[in-house]
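A short write-up of the structure that comes next.
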Amino acid sequence: MRERVIIKWGGGLITDKSSLCTPDLEILEHLAQTITTCQSNNVDVVLVHGAGSFGHLRSKHWRLNEGFIPHEVFENDDTCSSQWEAVHQVRKEMLQLNSLVCEALIRNNLTPVIHPPHLWAKNTGPDFLGNLERFHERKGAQVHVTFGDVVDVEGEQQFGILSGDDLVARLAIELPHVKRLVFAIKGVDGLLRVPPEQAVESDLIEHWSPDIEFEGTHQSEIDVTGGIGLKAARGSFVASHGIEVIMVNGGRTERVLGAMLGHPVRGTLVTAKK
């Protein structure tokens with residue numbers, strides 16, 4: 001049976017996270033090419049992508065990660081005048097970003113099979129509800145694609161944000177024949193011992209487990225999920241199930257491809273706690 005790899009394209013990698021709904025079409029094209037090469041090397045790919053500026057900015061303004069806040073007074077943005085309008089708008093914008101992702105895949109002779117989480121998943125965090133059997137089918141050039149999204153939540157919260165990092169963890173553990181999980185992140189080679197702006201090459205943590213401290217940039221003024229810390233935590237959980245987990249610089253697509261194929265590349269190999 002062909003191997004499977006789960007790949008996460010970070011939202012900050014494929015968009016300009018500081019500018020609302022601004023994609024990086026060039027990096028999308030290069031990343032799509034890595035999936036084509038994987039498929040031709042008998043490795044099937046499941047793709048999860050982040051939201052970046054298509055989700056985080058508006059979600060942050062409307063505090064969608066906190067759920068329904070009926071008594072909070074919000075300032076209207078350019079499109080929305082309520083949290084519920086923001087829920088629908090973010091879902092719409094995520095589908096727009098997903099369509100750009102899928103167009104890049106199609107240009108590279110792949111067939112995306114799209115799974116918008118708000119249509120099949122409920123609740124947030126690693127224990128979200130949703131039938132992952134929809135990702136089982138494997139045919140030719142098919143690539144299953146899903147993404148971080150605003151989903152319905154049971155109880156008073158009513159809605160919340162299901163992170164792509166929670167999606168990749170469940171997919172890596174629960175789908176058959178998955179050999180590795182790759183996080184393609186923006187601007188850094190992996191987890192670092194010092195803040196990214198201070199780092200030199202030797203500050204890369206090549207093997208990381210949860211007992212090792214690291215420094216990362218979490219754009220708390222923008223991000224509504226857990227940033228690099230959530231990736232590390234979910235990656236370690238996946239590694240505890242015997243699956244290889246690595247973080248690489250997504251701007252170096254030759255490393256992304258090498259990691260997906262199981263080759264040694266510069267990055268951070270994530271392990272479970274010793």
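From helices alone, the chain scores -9500 deg cm²/dmol at 222 nm; the rule is -39500 (n - 2.57) for each run of n ≥ 4 DSSP H residues, then divide by the residue total. Coupling constants for the range 190-199 follow from the phi torsions by the Karplus curve (6.51 cos²θ - 1.76 cosθ + 1.60, θ = phi - 60°), and in residue order they are x, 7, 10, 6, 10, x, x, 5, 9, 6 Hz; glycine and proline get x. Each residue of the range 53-61 was assigned a 3J(HN,Hα) from its phi angle through the Karplus curve 6.51 cos²θ - 1.76 cosθ + 1.60 (θ = phi - 60°); the sequence is 6, 8, x, 5, 5, 5, 5, 5, 4 Hz, with glycine and proline shown as x.
When the chain is described by a simple charge dipole with +1 on each Lys and Arg Cβ and -1 on each Asp and Glu Cβ, the residue from M94, S19, S81 located farthest towards its positive end is M94.
From the convex hull of the Cα coordinates of the chain, what is the mean projected area in square nanometres?
Mean projected area of the Cα convex hull: 14.0 nm².
Rg and Dmax of the range 52-104, based on Cα coordinates, read 12.0, 42 Å. Taking a 19 Å limit on the Cα-Cα distance, which of the listed pairs K231/K273; K122/K273; K17/K122; K8/K273 fall beyond it? In this structure, K122/K273; K17/K122; K8/K273 lie more than 19 Å apart at Cα.
Would you mind getting the Kirkwood hydrodynamic radius of the range 1-138 from its Cα pairs, rounded to one decimal in Å?
16.5
The distance linking the range 135-201 with the range 9-65 is 10 Å (Cα centroid to Cα centroid, whole angstrom).
Less than 5 angstrom separates the built amide H of F147 from those of H49, all sequence-distant by 5 or more or on a different chain.
As a length-normalised measure over Cα pairs under 8 Å and 6 or more apart, the relative contact order of the chain settles at 23 percent.
Placing unit charges on the Cβ atoms only, positive for Lys and Arg and negative for Asp and Glu, gives the range 101-153 a dipole magnitude near 220 debye about its Cα centre. Treating only the Cβ atoms of Lys and Arg (+1) and Asp and Glu (-1) as charged, compute the dipole magnitude of the chain about its Cα centre; round to the nearest 20 debye. For this selection, approximately 1000 debye.
Counting only DSSP beta bridges whose two residues both lie in the chain, roughly 25 percent are antiparallel.
What is the pair-distance distribution P(r) of the range 27-86, computed from all Cα-Cα distances in 10 Å bins starting at 0, with each bin given as a whole percent? It works out to 18, 33, 16, 20, 11, 1, in whole percents.
The numbers here are math on the coordinates, done by the rules we state, and not lab data. Note that the structure is predicted; figures quoted are calculated from it, not measured. Don't worry about glycine lacking a Cβ; one is built from the backbone with ideal geometry, like all the others, and counts go over all protein chains shown.
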